[in-house]
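This report concerns only the one structure given below.
The values are calculated or read from the model by the stated rules, or taken from the named source; none is laboratory data. These numbers were taken from a predicted model, which means no experiment stands behind them. Cβ sites come from the backbone with ideal geometry, for glycine too, and all protein chains shown count toward neighbours. Accessible surface areas use protein heavy atoms only, side chains included; no ligands, DNA or RNA. Shrake-Rupley method; radii C 1.70, N 1.55, O 1.52, S 1.80 Å.
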Amino acid sequence: MLRKRGVPHNVLNAKQHEREAEIVAQAGRRGAVTIATNMAGRGTDIILGGNPDMLAEKEVLGGENAEDLLPATLEKFQQQCAAEKEQVLEAGGLYICGTERHESRRIDNQLRGRAGRQGDPGASRFFLSLDDDLLRIFGSHRVAFVMDKLKIPEGEPIEHGIISKAIENAQKKVEGHNFEIRKHLIEYDDVMNKQREVIYTQRKEVLAGEGIRDIIDGIIAEMVEDIVATFCPPKTPAPDWNWSSLSDDIFNQFYFQPALPDPESQGLTQELLEAQIKEQVTAQLAVKEEEFTTPVMEHLMKVLLLQTIDSQWKDHLLSIDHLKEGIGLRGYGQKNPKEEYKREAYGLFMEMMGRIRQEVIQKLYRIQLAREEDVDQMEAAEQRRRRIILNRAGAADQVKKPAHRDEDKVGRNDPCPCGSGKKYKKCCAQ
């Protein structure tokens, strides 16, 4: 439309990166028209009358003796821009014409703020259609009611405080809706932040290497207590405890067959059984530590803890993402999705902590010290395996070359080249 009317103008759409600074710098010249998107040219004040520095550099750029000509050229444009600024000030300064009202009033105010910078005069006005989404969704019925009451004809510009108030109320509704969305996201993230703090605190303690033995001893004590509590309820007589499952679970966890007391023993309690099993478990670990030496054993505990925590934490993050994707559907079941998310996320976290304890102890009690000759044998076997793979790959590369045929290929329905007069498929091709 501007081209049809012969109005010279520039377009800022964040695509003309090389010319963008120049366009913004000269957008304050007399009669300059600049069409801009919301993002284009942000962070640059528009100087009324134009920017003399950029005008001077553009004129002498690429010419001979550019450095010598620059001072005189700059002075010329400084005078020209100063005179032009006076004309722009008399005309009212920079005029901002908005073509829509945005969902956030903050964006509108940013656009208005282009005018009136550094004490210069300026003005702004926004034009919008009643078909805009902002009005159509949130304020159209009120505007239509006002239009009917005032009997405003179709296509007539509307300027009324009630209309402006309706638009502002629509913006407030959208801002409130977006605020609630961000608030819910933060509340969901808070759940993960608390879990992250717990995990990272544990990792820092392990990395520091202080109290590794206390951490392992604490895990062992908790696991023994959980196993005994599972199979030996305190209100059940000792002969009725699940002794076979207790023995199997201890073997599965600590990799040794425990010496359990006689179920018919007098005075046998859950606490006494826990103490006996802890003593045996600690003794097994002491044997392994004597074999490995204390420094190696503590380093091994540190490595196992770090590897297991990292592996289980990654799996837990994936599970939390899956939980977050579908938690909104709980609202259809008359449940609060946020509370359900907190409850299930906590359950997943506690399951992860249990898996970390279980995996660390299982690996710690099962690990074996490899002798040098065993390592040499393993390396030799690995080298043989690699040679076999390389030989197979080399054989696969030696692909047979296609046979070269001097004469044309005989079709199945062509006369047989032997001269029998039959078709090839019923003669030599059989």
Evaluation of L55 against (1) open to solvent by less than 60 Å² (accessible area, probe 1.4 Å); (2) closer than 21 Å to A115 by Cβ; (3) at pLDDT below 85 (one fails), failing number:
(2)
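Collect the residues in segment 111-129 that are touching a residue at least 60 places away in the same chain (Cβ under 8 Å) and under 40 Å from the mean Cα position of the chain (by Cα), keeping them in residue-number order. Steps first, please.
Narrowing segment 111-129 to residues touching a residue at least 60 places away in the same chain (Cβ under 8 Å): 111, 114, 117-118, 120.
Passing the criteria: L111, R114, R117.
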Since Q270 meets every condition but one in (1) in contact with a Cys (Cβ under 6 Å, 6 or more places away or on another chain); (2) farther than 24 Å from D217 by Cα, which condition does it not meet?
(2)
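Restricted to segment 113-139, and to residues that are part of a helix (DSSP H, G or I) and surrounded by fewer than 17 Cβ atoms within 10 Å (Cβ to Cβ), which residue is modelled with the highest pLDDT?
Looking at residues that are part of a helix (DSSP H, G or I) and surrounded by fewer than 17 Cβ atoms within 10 Å (Cβ to Cβ), I get G119.
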When the residues of segment 284-302 are narrowed to those that are free of Cβ contacts under 8 Å to residues at least 12 places away in the same chain and open to solvent by less than 50 Å² (accessible area, probe 1.4 Å), which ends up nearest to A208 (Cα to Cα)?
M297
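Table: residues versus (1) within 43 Å of the chain's Cα centre (by Cα); (2) at pLDDT 90 or above.
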site	(1), (2)
D262	no, no
Q266	no, no
E274	no, no
E279	no, yes
P295	yes, no
K302	yes, yes
Qualifying positions in segment 352-368 - open to solvent by 50 Å² or more (accessible area, probe 1.4 Å) and free of Cβ contacts under 8 Å to residues at least 24 places away in the same chain
Q368
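For segment 237-251, which positions are part of a helix (DSSP H, G or I) and open to solvent by 70 Å² or more (accessible area, probe 1.4 Å)? Write out each step before concluding.
Initial filter on segment 237-251 (part of a helix (DSSP H, G or I)): 238-240, 243-251.
Within segment 237-251, D240, S244, D248, F251 meet the criteria.
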The lone exception for Q257 - which of (1) open to solvent by less than 60 Å² (accessible area, probe 1.4 Å); (2) under 19 Å from A221 (Cα atoms) it fails
(1)
Can you tell which of Y188, Y200 is part of a helix (DSSP H, G or I), at pLDDT 90 or above and out of contact with any Gly (no Cβ under 7 Å at 6 or more places or on another chain)?
Y200
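For M192, state whether it is open to solvent by less than 40 Å² (accessible area, probe 1.4 Å) and under 23 Å from the mean Cα position of the chain (by Cα).
yes
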Which members of segment 87-108 meet the condition of being under 38 Å from the mean Cα position of the chain (by Cα), of a type in the set (S, T, N, Q) and open to solvent by less than 90 Å² (accessible area, probe 1.4 Å)?
S104
Quick one: what pairs do we get from segment 339-351, first residue farther than 17 Å from L318 by Cβ, second at pLDDT below 90 and surrounded by 13 or more Cβ atoms within 10 Å (Cβ to Cβ), C-beta under 7 Å, 6+ apart or different chains?
E340/I327; E340/R330; K342/V191
For E64: the one exception among (1) part of a helix (DSSP H, G or I); (2) at pLDDT below 80; (3) of a type outside the set (S, T, N, Q):
(1)
P234 passes all but one of (1) in a helix (DSSP H, G or I); (2) within 30 Å of N252 (Cβ to Cβ); which number fails?
(1)
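Do we find a residue being at pLDDT 85 or above and under 48 Å from the mean Cα position of the chain (by Cα) anywhere in segment 10-21? Can you show your working first?
Narrowing segment 10-21 to residues at pLDDT 85 or above: 10-11.
Subset that is under 48 Å from the mean Cα position of the chain (by Cα): 10-11.
Taking every residue of segment 10-21 in turn, at least one turns out to be at pLDDT 85 or above and under 48 Å from the mean Cα position of the chain (by Cα).
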